[in-house]
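FYI, it's all coordinate maths here, none of it is from the lab. Just so you know, these numbers come straight off a predicted model, no measurement behind them. Positions of Cβ are backbone-derived with ideal geometry, glycine not excepted, and every protein chain shown enters the neighbour counts.
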Amino acid sequence: MNITGNTILITGGTSGIGRALAEALHAKGNTVIVAGRRQQLLDEITQKNPGIVGLPLDVADTNSIHSFVAQVKERFPKLNVLVNNAGIARPEDYTADDVDTAAALATLQTNITSVIQLTAGLLPTLRAQPKSTLMVTTSGLAFVPFPKAPVYSATKAFLHNWLDALRYQLRETSVEVLELAPPYVQTEFGGPQQATDPRAMPLDAFTNEVVQILEDNKIEKGEILVENVKPLRWAEKNGQYQQMLEMFGSF
C-alpha cells in the first residue's frame, strides 16, 4: 500500500484506532473518509481535521449499509483503500442459566456481516483502480481468545481466515488484502479504564508503528503486526498458547 495519494474509507473512524489511523493517514496526504454512527463525533473529527470527510453509517443496519455503499460509489469513484475497522465487543457468560444471545448476534452483525457486505459492495470500485487495498482490523485475540468475550474473539479468528481466502481469490487483481491485528491498545473500546490501562499499548505508539510498517512496506503474508502483538500471533507455534489463554482467563 502506498502511504500517500490515496482515497481511503475507514469505518469506525470516529474514535480509538480508527480515528488515530484516519488522522495519521490524512496527515500523509491522503483523502480520508471516516464513517461512524454518531454525528457528533463525525462533526468533531472533521472540524479538527479540515479535509477529512465524515459520513454517517450504522453497520448494524443492513439497509444503511446498502445506501452507504451507493453513496460512496457515487461521491468517491476513485476510492482505492477500504479499511473495515468498525467492531464491538460484549462480555458473555456461558455458565449462566440464561445466556444473552442478543449480544452475540449484535457482535456477529457488526464484526462479520457488515464487513462482508461493505467489502462485497465496494470491491468492484477497488478493482477498477490501478492499485488498491482492502484492509480489515482483526485482533491479537484472533490467535489466543479472551475467555470473557468468546464471540468477539471468534469473529476476529473468522476474519483472519476469511482474509486468507480473499487474498488468494484476489491475487491476480489490483487489490492488495491486508490484515491489521492490534494488540491490547489504550482506547475506550473496552470501557474508559482501558484508555489508561498500563498493560495496554499506548495508542500513539501503536499508530506510529503501523504507519511506519506501511511506509517501509514491511508486511509479511499480508499481516500488519506491531511488535506487541507478535507473542499472540505466534503463541501456538512457540508453545505459549495455553499459558496465554490462562493469563487472559485471569483478567
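Points to keep in mind about this one:
- A195-D61 pseudo-label distance in nm [points 7 Å out on the Cα-to-Cβ vector]: 2.6
- L180 long-range amide H proximity, modeled H, under 5 Å: V136, T137, T138, I224
- Once the chain from R75 to D98 is taken as fully extended at 0.36 nm per residue, the excess over their C-alpha distance is 3.6 nm.
- Across region 121-130, rounded Karplus estimates of 3J(HN,Hα) from the backbone phi angles (6.51 cos²θ - 1.76 cosθ + 1.60, θ = phi - 60°) give x, 9, 4, x, 5, 4, 5, 6, 8, x Hz, Gly and Pro being marked x.
- Rounded to 0.05, the FRET efficiency of the E246 and A165 pair, given R0 = 30 Å and the Cβ-Cβ distance, is 0.45.
- Using a cutoff of 8 angstrom between alpha carbon atoms and counting only pairs six or more residues apart, the relative contact order for region 7-249 works out to 17 percent.
- The Cα atoms of region 36-93 give a gyration tensor whose axes a ≥ b ≥ c have a/c of 1.5 or more with a/b no greater than b/c, which makes the shape oblate.
- Ordering 35-46, 7-18, 76-87 by mean Cβ neighbour count within 10 Å, with the highest value first, yields 7-18, 76-87, 35-46.
- For the chain, the Kirkwood radius over C-alpha pairs fed into Stokes-Einstein at 10 °C and 1.306 mPa s yields D = 86 µm² per second.
- Pairwise centroid distance, computed over Cα atoms, of region 135-153 with region 1-18, Å: 21
- Peptides ranked, highest mean first, by Cβ atoms within 10 Å: ranges 239-249, 177-187, 205-215, 111-121: 177-187, 111-121, 205-215, 239-249
- In order through region 4-17: 3J(HN,Hα) via Karplus (6.51 cos²θ - 1.76 cosθ + 1.60), integer Hz, x for Gly, Pro: 9, x, 9, 10, 10, 10, 10, 7, x, x, 9, 7, x, 4
- Sequentially through region 154-170, phi angles give Karplus couplings (6.51, -1.76, 1.60; θ = phi - 60°) of 5, 5, 6, 5, 4, 4, 4, 5, 4, 5, 4, 5, 5, 4, 5, 4, 9 Hz, Gly and Pro residues having no value and appearing as x.
- Look at where the Cα atoms of region 179-233 and of region 27-88 average out, and the two centres are 22 Å apart.
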